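Have a look at the structure below before the remarks.
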Amino acid sequence: MGYKAFLVKSAILYATVLVAAVVILYIFTYPVIQKVYYDYAYYAALSLKTKLLRESHGSVNMTYINDVVNRYYNQLISAFGLNKPPLERFAIQMAQLFTFHFGVTPPGVSYPSYAPTNNIATLIAVALPRTILLFTTGTVIVVAVGILLGVLAARYQGSAYDKAIPVIAVIHSSLPTWWIGFLLIAGLAYGLHWFPPNGMVSPGIVFSREPLQYVASLLDHMVLPLLAFFIVNIGGFAYIVRSLALATTKEDFVLTARARGLPERRIVFGHILKTASPSIATQAILWLAFSFGGGLTTEIVFVWPGLGLLTYEAVMESDERTVLAITFVLTLVLVIALFLNEVVKGWLDPRIRASAE
């Protein structure tokens, strides 16, 4: 019951944080949002008019068509709250944002690498899973290897290996991702021809026709960006795990276990790692959440068609609508990740359950 109460409180807290963040975003981008919905209404009405003209088969009744189109346009204006008082407009447009109605891209702006459409929500729905695929995989690898390296450093405290971890962390964390990416492309793609330099799959391969070849090509294209992500992040995460594990080694229950003569392996994995797991899980989830937005340079360098590259292309096109929509989605992802962090931390840490009762 205590854990459930803790989850309810956390859900209320982070839902409030999310609403507050979106309200702030709405206030600062109010003119853009109004233009987005006006343009969407105009585009939808124009599309309807084109469809009606196409279906008329030569017997055009322009009065009827214009009347239908105007009524549809006015319905959209009302649906988006554009003809409502300020408070009602605010409530309607907030609901539109939370249901992912982001409008369409400006005239002449398209992103064919993602989807043959100008609907911003569809573009993001295509780009986000690609980013999640790349950076979730990278984070899982970094976390797994980082836990192993960090725990081993804590186990052999004071050894040359333990002293090397902080040095590696400083070096790796100071390496620019774009520079590592260019080195990998130059050496492993152009020099040795082991891996493709960019993209997500080879041209002409379609999943529906060649699923196995598509997956093989996808994995081949993932190697270099994953390697760049791993090189830049593994040192820092291993150092974090080492620090958390070292802090736990000074606890009384660890000293008692050693005094009882328990095997070191059992102490490390059964006591130290178990106690430090909530903090490690927190770092892993936050690492993953921030990587979605922080992978911009990685996606640009390797031309990975995810959310980072879409953001870059939208900025270059001066497409403030898509940038705004991506900002909202990343805010949502971050808040959800923070809430999941509370869920996992509460499940792993019995102290939270006890304090929640």
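The values are calculated or read from the model by the stated rules, or taken from the named source; none is laboratory data. In this text, all values refer to a predicted model and were calculated from it rather than measured experimentally. Here the Cβ is made from the backbone with ideal geometry for all residues, glycine too, and neighbour counts use every protein chain on show. For the accessible areas, the whole protein counts, side chains as well, though only heavy atoms, and no ligand, DNA or RNA atoms are used. Shrake-Rupley method; radii C 1.70, N 1.55, O 1.52, S 1.80 Å.
Before moving on, here are some points about what is shown:
- Those residues of the range 223-247 which are within 17 Å of V201 (Cα to Cα) and open to solvent by less than 10 Å² (accessible area, probe 1.4 Å), in sequence order: L224, P225
- Residue match in the range 40-52 (condition: touching a strand residue (DSSP E or B) at 6+ places or on another chain (Cβ under 7 Å), assigned to a helix (DSSP H, G or I) and not basic (K, R)): yes
- Subset of the range 146-160 (residues that are in contact with a helix residue (DSSP H, G or I) (Cβ under 6 Å, 6 or more places away or on another chain) and open to solvent by 40 Å² or more (accessible area, probe 1.4 Å)): I147, L149, R155, Y156
- If you go through the range 1-53 and pick out every residue that is among the polar types (S, T, N, Q) and within 23 Å of E320 (Cα to Cα), you end up with 3.
- Residue tally, condition open to solvent by 80 Å² or more (accessible area, probe 1.4 Å) and modelled with pLDDT of 70 or more, over the range 267-284: 1
- Test: residue in the range 4-13 that is farther than 30 Å from I336 by Cβ, surrounded by fewer than 16 Cβ atoms within 10 Å (Cβ to Cβ) and of a type in the set (A, V, I, L, M, F, W, C): no
- Within the range 89-141, being within 24 Å of L18 (Cβ to Cβ), among the hydrophobic types (A, V, I, L, M, F, W, C) and surrounded by fewer than 15 Cβ atoms within 10 Å (Cβ to Cβ) holds for A91, A95, F98, A125.
- Leading residue by the ranking (modelled with the lowest pLDDT) among those in the range 319-357 that are open to solvent by 60 Å² or more (accessible area, probe 1.4 Å) and over 22 Å from I132 (Cβ atoms): E357
- When every residue of the range 40-49 is checked against the conditions, none turns out to be in contact (Cβ under 8 Å) with a residue 60 or more places away in the chain and either over 21 Å from A125 (Cα atoms) or over 36 Å from the mean Cα position of the chain (by Cα) (or both).
- On the stretch given as the range 74-94, residues that are out of contact with any helix residue (DSSP H, G or I) (no Cβ under 8 Å at 6 or more places or on another chain) and over 15 Å from V36 (Cα atoms) total 7.
- Unique residue being within 26 Å of I336 (Cα to Cα), out of contact with any strand residue (DSSP E or B) (no Cβ under 6 Å at 6 or more places or on another chain) and open to solvent by 40 Å² or more (accessible area, probe 1.4 Å) when the list is A79, A20: A20
- Failed item in (1) farther than 19 Å from V241 by Cβ; (2) aliphatic (A, V, I, L, M); (3) free of Cβ contacts under 8 Å to residues at least 24 places away in the same chain, with M94 passing the rest: (3)
- Residue, farthest from the chain's Cα centre (by Cα), within the range 69-110, restricted to residues that are under 20 Å from F28 (Cα atoms), assigned to a helix (DSSP H, G or I) and among the aromatic types (F, W, Y): F90
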